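Contents: one structure, followed by commentary.
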Amino acid sequence: MSERPVASDVSVVIPTLGRELLEGCLESITDGKVWPAEVIVVDQGATSGVARSIERLSRRGLVITHVRSSETGIAAGTNRGLERVRTRFVATTHDDCRVQTDWME
């Protein structure tokens, strides 16, 4: 069950190279006043850190889909994520960014 209200018509796409920075990005989303319906993380890296971060934050109730991709580049990662969006709206951010707590509002 979600800890926050959910914007059921918004998904978030985050391309990542598997950097540790992703943890901070996902934390900023979970700190938000409203959560997106789904976060789609497109993982272009070869580390297990992404899966650990996703597992930990999913336990809080945030719906996170982990998509592995052998392609590289921010555009390719974003496109792979956009292909999986099922909501009416989509927002994107990057693994080295932090979102404001009211960005989903």
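The values are calculated or read from the model by the stated rules, or taken from the named source; none is laboratory data. In this text the structure is predicted, and so the values were computed from the model without any measurement. Glycine gets a Cβ as well: all are built from the backbone with ideal geometry, and neighbour counts include every protein chain shown. We work out accessible area using only protein heavy atoms, side chains counted, and drop any ligands, DNA or RNA first. Shrake-Rupley method; radii C 1.70, N 1.55, O 1.52, S 1.80 Å.
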Open to solvent by 10 Å² or more (accessible area, probe 1.4 Å), assigned to a helix (DSSP H, G or I) and not charged (D, E, K, R): is that true of residue 51 in this structure? yes
Give the residues of the stretch 7-30 that are open to solvent by 70 Å² or more (accessible area, probe 1.4 Å) and modelled with pLDDT of 95 or more, sorted by residue number. 8
Quick check on residue 72: is it surrounded by fewer than 14 Cβ atoms within 10 Å (Cβ to Cβ) and either touching a residue at least 60 places away in the same chain (Cβ under 8 Å) or farther than 20 Å from residue 105 by Cβ (or both)? yes
Would you mention how many residues in the stretch 75-99 are over 11 Å from residue 14 (Cα atoms), open to solvent by 80 Å² or more (accessible area, probe 1.4 Å) and in contact with a helix residue (DSSP H, G or I) (Cβ under 8 Å, 6 or more places away or on another chain)? 1
Meets criteria (hydrophobic (A, V, I, L, M, F, W, C), open to solvent by 20 Å² or more (accessible area, probe 1.4 Å), modelled with pLDDT of 90 or more and assigned to a loop (DSSP other than H, G, I, E, B)) for residue 1: no
